[in-house]
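Worksheet: one structure, shown below.
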Amino acid sequence: GGYAERSRSIIREMKHLEGPMLPILHELQSEFGFIPEEVKPVIADELNLSQAEVHGVVTFYHDFRDAPSGRHVLKLCRAEACQAMGGDELALAARQLLGIDFHQTTLDGAITLEPVYCLGLCACAPAAMLDGEVHGRLDVYCLGELVTEARR
Ligand code: FES
């Protein structure tokens, strides 16, 4: 299909880099918005790796998604400092509010929920990032506001 073909030319251009796998994956994700299943065999083929090795790298890094994201991406910090400041409660509230789990997208395609492991905002825990913008000292109310705003 289209993904496999388009990915092959991208991979061929980049495979001579030192440690080509991550730059290639980042490029493919920025091109397609996610890493389609059918590009994995192409990567494996071009880089002389097994498909299991490619799959392992894609799943190891939280950055890579296996489906297109929603129009907005909400990343909730799940690391220690934020957990200690009510991050678990906030995560539960977010999942209930959106009706989805982490790594999923709401049915209306509006919001994708992702975990993130420290946003460097520990002093303002619990923290989150919406479309690249950080928000600190969140509580359930603020979270609701953010989500409502994003859905508008
Ligand atoms: Fe959440 Fe650092 S632990 S911002």
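Please identify the GluC sites (Glu not before Pro) of the range 1-65 that satisfy two criteria: DSSP loop assignment and at most 14 other Cβ atoms within 10 Å. Which are they?
Listed in order of number, the matching sites are 18.
Using the alpha carbon gyration tensor of the chain, what are the three equivalent-ellipsoid semi-axes (square root of 5 times each eigenvalue), largest first, in whole Å? Walk me through the numbers on the way to the answer.
Working: eigenvalues 225, 55, 29 Å².
Over the Cα atoms of the chain, the ellipsoid semi-axes are 34, 17, 12 Å.
Can you pull the percent of the range 34-73's accessible area that's carbon plus sulfur, 1.4 Å probe, other chains left in place?
Carbon plus sulfur share of accessible area: 52 percent.
With every protein chain present, what is the per residue accessible area of the chain (1.4 Å probe, Å²)?
Ligands and nucleic acids excluded, the result is 57 Å² per residue.
How far apart, in nm, are two points set 7 Å out from the Cα along the Cα-to-Cβ line at residue 88 and at residue 27?
Each label point lies 7 Å from its Cα, and together they span 4.4 nm.
Once Lys and Arg get +1 and Asp and Glu get -1 on their Cβ, which of 26, 54, 68 lies farthest toward the positive end of the dipole of the chain?
Checking the options against the dipole of the chain, the answer is 68.
Just reorder 80, 133 by solvent-accessible area, largest first, 1.4 Å probe, all chains present.
On the way: 80 165, 133 115 Å².
Ranked list, largest accessible area first: 80, 133.
The values are calculated or read from the model by the stated rules, or taken from the named source; none is laboratory data. This one's a predicted model, so the numbers in the text were calculated from it and none came from an experiment. Glycine gets a Cβ as well: all are built from the backbone with ideal geometry, and neighbour counts include every protein chain shown. Protein only, heavy atoms only, side chains kept; ligands, DNA and RNA dropped before computing areas. Shrake-Rupley method; radii C 1.70, N 1.55, O 1.52, S 1.80 Å.
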